[in-house]
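Readers should treat all values here as calculations from the given coordinates under stated rules, not as data from a laboratory. Worth saying up front: this structure is predicted, and the values here are computed from it rather than measured. All Cβ positions, glycine included, derive from the backbone under ideal geometry; neighbour counts span all protein chains shown.
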Amino acid sequence: MSLSMKAIVLTKYGSSEALQFREVAKPIPKDNEVLVKIHATSINDWDWCLMRGTPFYIRLLCGLLKPKVQIPGVDIAGEVVAIGKNVSQLKPGDRVYGDLSENGFGGFAEYACAPVTTLALMPKNMSYIDAAAIPHAAMLALQGLRDLGKIQPGQKLLINGAGGGVGTLGVQIAKSIGVENITGVDCSNKLDMMRSLGFDRTIDYQQEDFTENERNYDLILDPKTNRSIFKYLRVLKPHGTYVTVGGETPRLLQALFLFPIIRFFLKKNVLVLALKPNKDLDYIKELFEAGQIKPVIKSFYKLSEVPEAIQHFGEGNHQGKVIITLESNL
Ligand SMILES: NC(=O)c1ccc[n+]([C@@H]2O[C@H](COP(=O)([O-])OP(=O)(O)OC[C@H]3O[C@@H](n4cnc5c(N)ncnc54)[C@H](OP(=O)(O)O)[C@@H]3O)[C@@H](O)[C@H]2O)c1
């Protein structure tokens, strides 16, 4: 077996030119890890932020002047090819998927090592491509809707930035819970796709500011958080909840610090999601096996094209998830 592999290496912060397609040493699994031959991976906001070194907290987490992350890439789907000496839960040949964001990243490569606890067995009816689209975005959507949002059948839900990874999986998760009244906000070229997924109402943010209209929601799930928190509070019902999944740093800080005051005086909840990666992959597996969720994937790239794929994602040109397939491994 070769001791090297192809990977996308992040050499500095800046632009897509900082990402280089190189030959690097193949990782060796530690005692509690497995080595996965990656068949597909996907682009996430982490990759866009790491490539540019912004917002600033990315540098606090991943290296102030130079990235400590050598190989970015969050979601992986592939086949176990070697196991560490303490691993009994997985074996070579198992088809697995998972989110590496708490384990040093490394998804943009032919192989990655991951602790066995980070990975789950893929459902039998799931392709590697679907599997690469799911872990990060589905956990954000599920934990935002169910754990923080306490979403209930019959409630009125709005998802802002609904045409990306979180929104397109989030609407399907909410429908599976029995939510019937779901509004999605995104740009005009994504609205048809969003309606086909089950959004009951769609809003083009370039034409209409939903925080200015008179509708009231039980829950707002927001992967974009691009306005003052007080604007969102305007369109929440009494005791309604606003959950931010991510977005502009000043808005996130506003949500974090003002939450107790808003709750006390306005009787509404403003909550910031802290993702627990891979925690609910079993829940998602059941939904997938029952045909209740299917990721939206419209763009495919090769491993060598990761810089272009990240640029495409960052410019907001994508619908649902952007997938990287590893032809040499398929
Ligand atoms: N909480 C945590 O622990 C945690 C961990 C990791 C990541 N995150 C966050 O989770 C989020 C991931 O979301 P995602 O994967 O769904 O992102 P995404 O795929 O980029 O989707 C965001 C969508 O919002 C749309 N959009 C842009 N501007 C908008 C506006 N003004 N109003 C409404 N929609 C707008 C984008 O489309 P156009 O640009 O084409 O308009 C895009 O379709 C990110 O914010 C990330 O930072 C959170």
### Query
Roughly how big is the chain's charge dipole about its Cα centre, with Cβ charges of +1 (Lys, Arg) and -1 (Asp, Glu), in debye to the nearest 20?
680
### Message
I want to verify a result. In a Gaussian network model of the chain, Cα cutoff 10 Å, which of these has the top mean-square fluctuation: S176, S88, S101?
### Response
S88
## Note on the structure
With 0.36 nm assigned to each residue of separation and the Cα-Cα distance removed, K12 to K30 gains 3.7 nm
### Task
Give the calculated FRET efficiency between N189 and S228 to the nearest 0.05, with a Förster radius of 22 Å applied to their Cβ-Cβ distance.
0.25
### Query
When the C-alpha atoms of the chain are aligned to their principal axes, what extent does each axis show, in angstrom, from largest down?
63, 45, 37
### Query
For q = 0.16 Å⁻¹, what log10 I(q)/I(0) does region 137-272 give under the Debye formula with an equal point scatterer on each alpha carbon and no solvent?
-0.72
### Query
Per-residue HN-Hα couplings for region 215-221, Karplus 6.51 cos²θ - 1.76 cosθ + 1.60 at θ = phi - 60°, whole Hz, x for Gly and Pro?
6, 10, 10, 6, 9, 10, 10
### Task
Would you mind getting the Kirkwood hydrodynamic radius of region 1-92 from its Cα pairs, rounded to one decimal in Å?
14.7
### Message
Can you list residues from other chains, or at least 5 along the same chain, whose modelled amide H is less than 5 Å from the amide H of I297?
### Response
K321
#### Entry: At 1.002 mPa s and 20 °C, Stokes D of region 186-330 from Kirkwood alpha-carbon radius, µm² per second
120
#### Entry: Set K66/K175; K26/K321; K231/K302; K85/K285 screened for pairs whose C-alpha atoms are more than 32 Å apart
K66/K175; K231/K302
### Task
Can you give me the P(r) profile for region 132-202? Cα pairs, bins 5 angstrom wide beginning at 0, each as a whole percent.
4, 19, 32, 26, 15, 4, 0
### Message
Can you tell me the convex hull volume per residue for region 1-157, based on C-alpha atoms, in Å³ to the nearest whole number?
### Response
143
### Query
Pairing the Cα long axis of helix 165-177 with the longest principal axis of the chain, what angle in degrees results, from 0 to 90 and rounded to the nearest 10?
70
### Query
On a 0 to 90 degree scale, rounded to 10, what angle separates helix 249-266 from the longest Cα axis of the chain?
40
#### Entry: Estimated dipole of region 137-272 in Debye, rounded to 20 [Cβ of Lys and Arg +1, of Asp and Glu -1, Cα centre]
440
## Note on the structure
For 204-213, 122-131, ranked highest to lowest by mean beta-carbon neighbours within 10 Å, the order is 122-131, 204-213
### Task
Please build a GNM for the chain, connecting alpha carbons under 10 Å apart, and tell me which residue among T249, T168, T225 fluctuates the most.
T249
### Query
Among L197, L65, L142, which one shows the biggest mean-square fluctuation in a GNM of the chain, springs joining Cα atoms closer than 10 Å?
L65
### Query
Residue by residue, what Karplus-based ³J(HN,Hα) values in Hz, rounded to whole numbers, does region 139-145 have, using 6.51, -1.76 and 1.60 with θ = phi - 60° and x for Gly and Pro?
5, 4, 5, 5, 5, x, 6
#### Entry: Backbone HN-Hα couplings from phi across region 96-105 [Karplus 6.51/-1.76/1.60, Hz, Gly and Pro as x]
10, 8, x, 10, 9, 5, 9, 10, x, 6
### Query
Farthest toward the dipole's positive end in region 137-272, which of F264, T244, P153, given Cβ charges of +1 (Lys, Arg) and -1 (Asp, Glu) about the Cα centre?
F264
